[in-house]
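Here's the structure, in structure tokens; my notes come after.
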Amino acid sequence: MNETDARKSLDAQEVKRIARELGADLAGVASAEDFAEAEPGRRPRDLFPMANSVIVIAKRIPFAAATPYPSIGAMEFGEYIPENFLNEACYRLSLYLEDAGWLSGATPSGRDITNFRVEEEDPEPRVFLHGSFDLRLAAVKAGLGHIGANNCLITQEYGSRVRLGAVLTEANLEPDPPNQYGAIPEFCRECGFRCVEACPANALPGDGTVDHYRCMVIRPDLVAPEKALAHFRKLFRGKPMIMAAKGLSYTDSPPHPCSTCIALCPMDQGRDFADTPFHRESWTDEDARKVLDPALLENPQDG
């Protein structure tokens, strides 16, 4: 029996059904060739040269865990638990594909930071970081949603209230119709860019990008830039594999406590629970001081 004889024919709809049986709330398929927008080194075949298809799955975040109110529970069930779930689901889906005769491998659902660089220090820091694989781009290519003004994937079912995972496989699966990448969707304009207005860091310019420095420090007006840059340089140092290993250990890359831009997306059907599910749309100084390291504050005595 040759290698071809040992392989089982796979149907994309069946594979997505299996993904949903494993607990995925959304599943889609993209062609591994359709990633021209991705940076070199972050394309499917850069990570897995035999890849022909990318299976993208999403797990929704409980609506109450995606709030502009920072809490331990929101971080745990808004990021840690969904990411752990997605990693296991992608692992099991990879084994299913492998048992059918197709080599497959999963990508981390988050926290695999492999690059950090400082683009500008004065007068205001500008930094850039990214992971090994662009899951948001993959989700757009797989037809799961669009990149909104909040720089997050926005799905029809759950807005931005999702975490993502992916499996790269040599199986040739029929791709789903991809969505447009690189253009702000019309529903963001209809919304009035609430996420942009409410962002406590003023990190969203409204064009679908995000200021990474501002987003990471949450309240730039309270933080001493030189202290923050020193902290980030220490945290995100080393070769890409070492950086990713530290992040994936969940010790050096904690969840981001601010979910304002996620919670405010009106595309989220969860907002049907109430006309105004949250009493406010941004953060107070008290909120910020709950999560900011006192060593980074402009005036530590106030922390």
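The values are calculated or read from the model by the stated rules, or taken from the named source; none is laboratory data. Quantities reported herein were computed from a predicted structural model and do not represent experimental measurements. Here the Cβ positions follow ideal geometry from the backbone for every residue, glycine too, while neighbour counts run over all protein chains shown. When the accessible area is computed, the model is the full protein with side chains, heavy atoms only, and any ligands, DNA or RNA have been set aside. Shrake-Rupley method; radii C 1.70, N 1.55, O 1.52, S 1.80 Å.
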Interchain or long-range residues, amide H under 5 Å from residue 26's placed H:
58
Two-site label geometry, residue 6 and residue 221: point separation in nm, points 7 Å out along Cα→Cβ:
6.4 nm
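Can you tell me the relative contact order of the stretch 1-60? Whole percent, Cα pairs under 8 Å, sequence separation 6 or more. Before the final figure, lay out the partial values.
Values: 53 pairs, mean separation 21.5, N = 60.
About 36 percent, as a whole number.
Where only protein heavy atoms count, and the probe is 1.4 Å, what is the accessible area per residue for the chain in Å²?
So the chain comes to 49 Å² accessible per residue, rounded to a whole number.
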Pick out which of 183, 64, 288 has the largest mean-square fluctuation in a Gaussian network model of the chain, springs linking Cα atoms closer than 10 Å.
183
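Express in nm, to one decimal, how much length is gained between residue 256 and residue 285 on full extension, taking 0.36 nm for each residue of separation and deducting their alpha carbon distance. Please list the in-between numbers first.
Details: separation 29, 0.36 × 29 = 10.44 nm, distance 1.68 nm.
Net length gain for the segment: 8.8 nm.
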Percent RCO, i.e. relative contact order, over the chain, from Cα pairs under 8 Å lying at least 6 residues apart:
23 percent
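Give me the percent of accessible area attributable to carbon and sulfur for the chain, probe 1.4 angstrom. Intermediate results must be reported in sequence, preceding the final value.
On the way: 7500 of 14800 Å².
C and S atoms contribute 51 percent here.
Using only Cα atoms, what Kirkwood radius does the stretch 78-172 have, in angstroms? Please list the in-between numbers first.
Values: mean 1/r = 0.0662 Å⁻¹.
Hydrodynamic radius (Kirkwood, Cα only) of the stretch 78-172 equals 15.1 Å.
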Which labelled figure in [x] 20.8; [y] 28.4; [z] 16.1 is mean projected area of the Cα convex hull in nm², once derived from the coordinates:
[z]
Which one, 140, 129, 199, projects farthest toward the positive side of the charge dipole computed for the chain from Cβ point charges (K/R +1, D/E -1)?
129
Using the basic label-point model (7 angstrom from Cα toward the beta carbon), what is the residue 84 to residue 299 distance in nanometres?
4.0 nm
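With a 1.4 Å probe and all protein chains in place, put 99, 34 in order of accessible area, largest first.
Values: 99 130, 34 60 Å².
From most exposed to least exposed: 99, 34.
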Three principal axis lengths of the stretch 122-262 [C-alpha, angstrom, descending]:
49, 40, 23
Note to self: Kirkwood Rh of the stretch 1-90, Cα pairs, one decimal, Å, is 15.7 Å
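Hey, got the dipole for the stretch 126-218? About the Cα centre, +1 on K and R Cβ, -1 on D and E Cβ, debye to the nearest 20?
Working: 8 positive and 10 negative charges, 75 e Å.
Its charge dipole is roughly 360 debye.
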Amide H proximity to residue 130 below 5 Å, modelled H, separation 5+ or other chain, gives 114, 115
HN-Hα J in Hz across the stretch 242-248 - Karplus 6.51, -1.76, 1.60, θ = phi - 60°, x for Gly and Pro
5, 4, 5, 4, 5, x, 6
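Calculate, for residue 180 and residue 39, the FRET efficiency according to 1/(1 + (r/R0)^6) with r their C-beta to C-beta distance and R0 22 Å; round to the nearest 0.05. If you can, show how the numbers build up before the last one.
On the way: r = 19 Å, r/R0 = 0.86.
With a Förster radius of 22 Å, E is 0.70.
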Place a +1 charge on the Cβ of each Lys and Arg in the chain and a -1 charge on the Cβ of each Asp and Glu, then give the dipole magnitude about the Cα centre in debye, rounded to the nearest 20.
500 debye
Under a 1.4 Å probe, counting only protein heavy atoms, residue 232 has an accessible area in Å², nearest 10, of 10 Å²
For the stretch 147-202 and the stretch 208-244, what is the centre-to-centre distance using only Cα atoms, to the nearest Å?
23 Å
Can you tell me which of 211, 134, 293 moves the most in a GNM of the chain? Springs connect C-alpha atoms under 10 Å apart.
293
Work out Dmax and Rg for the stretch 49-92 from the C-alpha atoms and quote the Rg first, both in angstrom.
13.8, 44
